There are 4 protein chains.
Amino acid sequence: MDFDFSPKVKELQERVSAFMDEHIYPNEERFDREVAQGDRWQPTKLIEELKPKAKEAGLWNLFLPESERGAGLTNLEYAPLCEIMGRVSWAPEVFNCSAPDTGNMEVLERYGKPEHKEKWLKPLLNGEIRSAFAMTEPAVASSDATNIEASIKRDGDEYVINGRKWWTSGIGDPRCKILIFMGKTDPSAPRHEQQSMILVPTDTKGITIERMLPVFGYDDAPHGHGEVNFENVRVPASNLLLGEGRGFEIAQGRLGPGRIHHCMRVIGVAERALERMCKRVKSRVAFGKPVAEQTVTLERIAEARASIDQARLLTLKAAYMMDTVGNKEARMEIAMIKVVAPNMALKVIDWAIQAHGAGGVTTDFGLAQAYAHARTLRLADGPDEVHRNQIGRLELRKYN
Amino acid sequence: MDFDFSPKVKELQERVSAFMDEHIYPNEERFDREVAQGDRWQPTKLIEELKPKAKEAGLWNLFLPESERGAGLTNLEYAPLCEIMGRVSWAPEVFNCSAPDTGNMEVLERYGKPEHKEKWLKPLLNGEIRSAFAMTEPAVASSDATNIEASIKRDGDEYVINGRKWWTSGIGDPRCKILIFMGKTDPSAPRHEQQSMILVPTDTKGITIERMLPVFGYDDAPHGHGEVNFENVRVPASNLLLGEGRGFEIAQGRLGPGRIHHCMRVIGVAERALERMCKRVKSRVAFGKPVAEQTVTLERIAEARASIDQARLLTLKAAYMMDTVGNKEARMEIAMIKVVAPNMALKVIDWAIQAHGAGGVTTDFGLAQAYAHARTLRLADGPDEVHRNQIGRLELRKYN
Amino acid sequence: MDFDFSPKVKELQERVSAFMDEHIYPNEERFDREVAQGDRWQPTKLIEELKPKAKEAGLWNLFLPESERGAGLTNLEYAPLCEIMGRVSWAPEVFNCSAPDTGNMEVLERYGKPEHKEKWLKPLLNGEIRSAFAMTEPAVASSDATNIEASIKRDGDEYVINGRKWWTSGIGDPRCKILIFMGKTDPSAPRHEQQSMILVPTDTKGITIERMLPVFGYDDAPHGHGEVNFENVRVPASNLLLGEGRGFEIAQGRLGPGRIHHCMRVIGVAERALERMCKRVKSRVAFGKPVAEQTVTLERIAEARASIDQARLLTLKAAYMMDTVGNKEARMEIAMIKVVAPNMALKVIDWAIQAHGAGGVTTDFGLAQAYAHARTLRLADGPDEVHRNQIGRLELRKYN
Amino acid sequence: MDFDFSPKVKELQERVSAFMDEHIYPNEERFDREVAQGDRWQPTKLIEELKPKAKEAGLWNLFLPESERGAGLTNLEYAPLCEIMGRVSWAPEVFNCSAPDTGNMEVLERYGKPEHKEKWLKPLLNGEIRSAFAMTEPAVASSDATNIEASIKRDGDEYVINGRKWWTSGIGDPRCKILIFMGKTDPSAPRHEQQSMILVPTDTKGITIERMLPVFGYDDAPHGHGEVNFENVRVPASNLLLGEGRGFEIAQGRLGPGRIHHCMRVIGVAERALERMCKRVKSRVAFGKPVAEQTVTLERIAEARASIDQARLLTLKAAYMMDTVGNKEARMEIAMIKVVAPNMALKVIDWAIQAHGAGGVTTDFGLAQAYAHARTLRLADGPDEVHRNQIGRLELRKYN
């Protein structure tokens, strides 16, 4: 047992931090300005400018473990870097480490056919295109995969896709060329063999973006989250991943890394909120005394620090287990951090908002936006309740 | 002691509810549509259509106690009606009972000169114009009134006003004709005699709306919250309310009713969130069982119901005390509900969001917007921390 | 709606408070000393001395509503008096208002035959004997009445009783002459018609007190809580209350008032803990500053005050509803206060303990004992979880 | 970074667990019986029987790092073993790893003169005698060391000690031969140079045990916690540790390991409570369904598991830092676990109590006693509030 990062990781932490200091933090206002002015749904010039710099700095595709296509980092090595990138919402894309692309690239790497890799994974890894993931449905509690209503039906050499999905993030971006679609190929199969996943190019006929969904008033442009209708969408049968009835299996594989990446990033968000809170309370005086010296303030900072550190350790341990015993054996730890990290972050951000007074709820400090985003993580990839039930069941199983 | 509403109140509750059923709930989508289309900062036709109906129905100016200009209701009688109106964010205006006008009208009624009443109170009571309140400042912790930096300086027959305010709600509305401004006339006076309040017509030279502030991602159009610069703004000396150095006194008087109205409305918001939650969990099935039958769901509903009922009782008691022993004697109860009601509402709304899955964080059920608004109430009119300190001090004083 | 106590109640509050000031608070140490010295399981002389004084002062049997045998107070009138008595754990007995006697007397009054009243109710009302209640069982989750395993079988003119009960409070007291026993007369009857209640004199053959149960480390002598074995205990058939299969019905009737009395008393306990906390923090200095001036302290006092006031209002409302619409219609409110009041008290007492430092966990301030007792109330008469489920179901029923 | 225990630690974990299985768990009832029968304040035969077995098994003095007198384990290596021992309250003594002896032995090892080591440390390490620590005072908030009122005055070749201490744990045990006393040698010195520590044999004239303090009704016999009066107690001047004015320094050194041991043990307590909870809910049925299948139960188990795992990781990290950068550099982590671990344990134990129904608050499952003990840890060695303030200040210092 060793709680120090390896020299390799420390060196990478320094390089990512230096990149953030040089290229990301100084450009936060420019990013907001670019989105505010002009067409919200066009990629920013800023990110396109910065991507080559990150690539050049060797900080590119850090996320992909166990593959020669990635940077050769384990989950445990990637975690602390992901946290640093997560401190600014749009920074991960600069390093080609942003959701949902990382998860999608993992799927293509693990389950894609050679032609899928050539056609989609390669440009994704190069940062030339982006991708989307279409799983959640508005009409049902789709955290229970058996509820999924979308259908994928074989018809000759093709599959015909029908259904309505929402929270298909990134679909609003014109660079988004491919999406992974989850639907049922056989509703009468056993519970976890009904679902399949299939690759759908976004320009296929029959796909309609009904609307872009706001999150607490934010449209999250230019990325955004779409409600998307699929009506008789036809794709080649070879687009099916892994085989009929294996969608649930792929989802499990995909969501492990996806969940842990979300947690790493949201820990970065919490760290930044705490940093802002500390700076704020040192600069404000109320009722004759700096806010920083009030014990209520000190207690919140202490609780924030202890909560962040605990969540980070648990996340790192989950990453360590994914590396050493595999995603399946690590499922309890993954479920735990999926619950712990967003709830922790919400608590910390809420305190930071309160410390900023009315400034906290508006755009000036990024806190309200951070809160809104963290709030979605208690629902995305399965609500807290589903994960807690799973953890509880796994714990009880020890006593069978 | 009697926990039943009087027959008069019950009858009014029924009439307000009936009006909501007939005119408000069925128009919620239309209101959103009107704001989304066209100029966001123009008043909606909808509200202008409904105001005469409310007036005709005798449901107009219900808020103003102890005045022949109002409907003759006490705070205790008004409270349950205010709660019902609060269930829809824009409904109170239809009844001419919306913030910040109600608080401003109370100020004009209690502290205005006859010419102020004629010129500003009358059209406000008629719903012909609207008003704003400029107290909070971006540069300081202005919940401590001694921190206020805005200045009101006598110059001959005029006062000259300088300063920067924000969260001046309603300033974006072209009907907003008058604002009440808080600033210091004498920074060297004793702590609570430095501040004064003065009436400022919104078309006076030197007033600049720097920007409309988003709350989370919502601009709250067409009402909105402005950051406003006042540069050498000159108004007649007679516009000063009550006298130099009495601004803090007026603020205390104004904020009592203002706070309790906010609490009443946010209890209505919580009730509606609980209603939505109950309906939702009855309609969804996950893992083979209606969500409504899971004990986690039942616990949350139970806690929500108990929390709402307790907050309502405390709010009604505060209103009762305002009526019977006065706002000053009721200050502990007012401070308590100011803390209790928004925090309770946030808890309930958060559970309701969770029960709606990813739908909860978007616009479809109004929950994310309700959350954002309730979150501001933990800061508006003094953050929780300031009120808790006051309550704590008042409690400790019992043992002197 | 009116939040003031009636003149009659105010006058009684003053009289009970005066009695507490004169006879109870000054004797707290004496009570502890009497129990500590001599036989712990003998009644104290103190209480026997004070009972005639309370009777003489007209502060006797205040609890029994709707009966000419009581003091003629409604539940709403009794509630604030019960709270005052509850401030000292042994005080209620002085006023003949202590559990479980009050609940048992209510049962005898409502459901007893004339001979039961003559033989048991009369001496109970006179404070000559005490009583016990035998419902909870160690072997099953007996909050679900269908789980109850104790049997009451008809055999000629007698019923034969078998079973093991625990938490039979007061059974250790030699004055305890009668107990009410809950068991099944017909395990095959519909769910809520299997149970019956029967009167059992404590000197009947076959009753064995196995042990007195400690609560945390307190034996609660000389009252105490027994684990009691009933083996072929025979009582006359006429001892059955109301009729076979009506035990659940009686339990519902009995537990309503019993629960509300517990809540009233525990609110008194919370008030006293807050009082102790306020006095303590004013007297202690840490790190150069009175503990009373730290904002953490002020926040806790504020939260305690707001929580107590809300719980009291909800309890009073429940009492009001019991008086006006009956115990059955008031069941949601009763269930709510049953959950709210003990949890609130635990929070307040815990803060008070913390404010007392290491002194808080020992006997010196009565706080640890108060905590232990309040903790039992989250289980006694049904655990929180059962009540929350009931509240949740009642709330959901509104949307059928 | 590595989250696996070393082979050496794993092997020791297995051996300690095996010893617990063979000698500790099967004797829990016997321990209680021995204490209940006979003289409560005599050591149990059981522990004296088991100590040689532990010594023989090589599981002895595992706690003492950086010393050839101990077992040669680092804090990080000892932590997981300490957790296992902590699962039974009296088990650590069997391994000669119990408080306050471990802390006192560390003091003697680090700061004792050779003759102190010969006379006191040697028999302590052999388990022949026990020791006590006298720091906390009833009259002041002694977590602020400057408040300490006890005096240590030089008089020729002796020091004269006066003062009243309480929570001097273990003083009731006749084997307790030596205590470490904290008092002021110079009240006029700078804040942290007023205090000194001195060795006081318990049979010195002038020491009176005023009473043994109950904790939530438990006397914790035969160990117990004394309130002790020191009146003109004279010891040789050479008994002073390290030098006048260095008591605060020693306290800081002593409390680091002491705090972390408490945290390790209380994590063991929490694990055991969760284990009991899981077994209980699997065995009980309420309202037609095993309690284990209710989502409320599953949520609590999940939260318990995630909270325990996080607290353990933070504690292990603190231990790691003590080993690698020293107790002083690890003070923030030590302060964090001092707050986190007991609060976490209380939450988990409280849920376990609730899951056991009324059985949870009595002696049958050890849960109420575990709760009472864990509750003291929020006060012992400094209350939560003091630690949180320290953490807050250290965090804010990053932004100076």
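The values are calculated or read from the model by the stated rules, or taken from the named source; none is laboratory data. On a predicted model such as this, the values are computed, not experimentally measured, just so you know. Every residue, glycine as well, gets a Cβ built from its backbone with ideal geometry; the counts of neighbours run over all protein chains shown.
The figures follow:
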read-out	value
Residue that is farthest from C:ALA372 (Cα to Cα) [pool: residues in the stretch C:234-292 that are more than 14 Å from chain D (Cβ to nearest Cβ) and free of Cβ contacts under 8 Å to residues at least 12 places away in the same chain]	C:LYS279
Count - residues of the stretch C:106-149 that are more than 27 Å from C:GLU56 (Cα to Cα), in contact (Cβ under 8 Å) with a residue 40 or more places away in the chain and of a type in the set (Asp, Glu)	2
Tabulated pairs, the stretch D:3-26, first more than 18 Å from D:GLU49 (Cα to Cα), second among the β-branched types (Val, Ile, Thr) and assigned to a helix (DSSP H, G or I), C-beta under 8 angstrom, 6+ apart or interchain	D:ASP4/A:THR324; D:GLN13/D:ILE84; D:SER17/D:ILE84
Qualifying positions in the stretch B:329-355 - surrounded by fewer than 24 Cβ atoms within 10 Å (Cβ to Cβ) and more than 12 Å from chain C (Cβ to nearest Cβ)	B:GLU329, B:ARG331, B:LEU346, B:LYS347, B:ASP350, B:GLN354
So C:ARG312, is it within 10 Å of chain B (Cβ to nearest Cβ) and either part of a strand (DSSP E or B) or under 24 Å from C:ALA335 (Cβ atoms) (or both)	yes
Residue, farthest from A:ALA374 (Cα to Cα), within the stretch A:222-233, restricted to residues that are in contact with a Lys or Arg (Cβ under 9 Å, 6 or more places away or on another chain) and crowded, with 17+ Cβ neighbours inside 10 Å	A:VAL233
Residue list for the stretch D:390-400, filter: surrounded by fewer than 21 Cβ atoms within 10 Å (Cβ to Cβ) and part of a helix (DSSP H, G or I)	D:GLN390, D:ARG393, D:LEU394, D:GLU395, D:LEU396, D:ARG397
Strands (runs of 3 or more DSSP E) (entirely within the stretch A:193-242) containing at least 3 residues that are touching a helix residue (DSSP H, G or I) at 6+ places or on another chain (Cβ under 8 Å) and not basic (Lys, Arg)	A:195-201
Residue list for the stretch B:54-97, restricted to those being of a type in the set (Ser, Thr, Tyr) and in a loop (DSSP other than H, G, I, E, B)	B:SER67, B:THR74, B:SER89
Residue among B:ALA330, B:ALA306, B:ALA341 that alone is more than 15 Å from B:ALA79 (Cβ to Cβ) and of a type outside the set (D, E, K, R)	B:ALA306
Residues of the stretch C:40-92 classified as within 18 Å of the chain's Cα centre (by Cα), hydroxyl-bearing (Ser, Thr, Tyr) and farther than 20 Å from C:LYS317 by Cβ, total	1
Residue in the stretch C:8-29 that is surrounded by fewer than 18 Cβ atoms within 10 Å (Cβ to Cβ), under 17 Å from C:TYR218 (Cα atoms), away from chain B (no Cβ under 14 Å) and under 24 Å from the mean Cα position of the chain (by Cα) present	yes
Within the stretch B:324-349, tally of residues that are closer than 30 Å to B:GLN369 by Cβ and in contact (Cβ under 8 Å) with a residue 24 or more places away in the chain	16
Residues of the stretch C:214-233 satisfying the condition of being away from chain D (no Cβ under 14 Å) and either under 20 Å from the mean Cα position of the chain (by Cα) or hydroxyl-bearing (Ser, Thr, Tyr) (or both)	C:PRO222, C:HIS223
Test: residue in the stretch C:150-161 that is farther than 30 Å from D:PHE216 by Cβ, touching a strand residue (DSSP E or B) at 6+ places or on another chain (Cβ under 9 Å) and within 14 Å of another protein chain (Cβ to nearest Cβ)	no
Residue within the stretch B:150-163 that is in contact (Cβ under 8 Å) with a residue 60 or more places away in the chain and touching a Leu at 6+ places or on another chain (Cβ under 8 Å) present	yes
Close pairs from the stretch C:375-400: first within 17 Å of C:HIS262 (Cβ to Cβ), partner in a loop (DSSP other than H, G, I, E, B) and not acidic (Asp, Glu), Cβ under 7 Å, at least 6 apart	C:GLY382/C:SER143; C:PRO383/C:SER143; C:ASP384/C:ARG378; C:VAL386/C:SER143
The stretch B:356-371 - residue that is among the small types (Gly, Ala, Ser) and part of a helix (DSSP H, G or I) and, of those, farthest from the other protein chains (Cβ to nearest Cβ)	B:ALA370
Selection status of A:ILE207, within 21 Å of the chain's Cα centre (by Cα) and among the hydrophobic types (A, V, I, L, M, F, W, C)	no
Selection from the stretch B:363-385 of residues that are β-branched (Val, Ile, Thr) and buried (at least 19 other Cβ atoms within 10 Å of the Cβ)	B:THR376
Residue in the stretch C:171-189 that is buried (at least 16 other Cβ atoms within 10 Å of the Cβ) and either without any contact (Cβ under 8 Å) to a residue 24 or more places away in the chain or at positive phi (or both) present	no
Residue pairs meeting the criteria (Cβ under 6 Å; at least 6 apart or on separate chains; first crowded, with 20+ Cβ neighbours inside 10 Å, in the stretch D:66-89; second of a type in the set (Ser, Thr, Tyr) and modelled with pLDDT of 95 or more)	D:LEU76/D:TYR320; D:ILE84/D:SER17
Subset of the stretch C:317-328 (residues that are assigned to a helix (DSSP H, G or I) and surrounded by fewer than 24 Cβ atoms within 10 Å (Cβ to Cβ))	C:LYS317, C:TYR320, C:MET321, C:ASP323, C:THR324
Test: residue in the stretch C:95-111 that is more than 20 Å from the chain's Cα centre (by Cα) and either surrounded by fewer than 16 Cβ atoms within 10 Å (Cβ to Cβ) or under 17 Å from C:SER17 (Cβ atoms) (or both)	no
Test result for B:PRO123, surrounded by fewer than 23 Cβ atoms within 10 Å (Cβ to Cβ), within 14 Å of chain A (Cβ to nearest Cβ) and either in a loop (DSSP other than H, G, I, E, B) or not small (Gly, Ala, Ser) (or both)	no
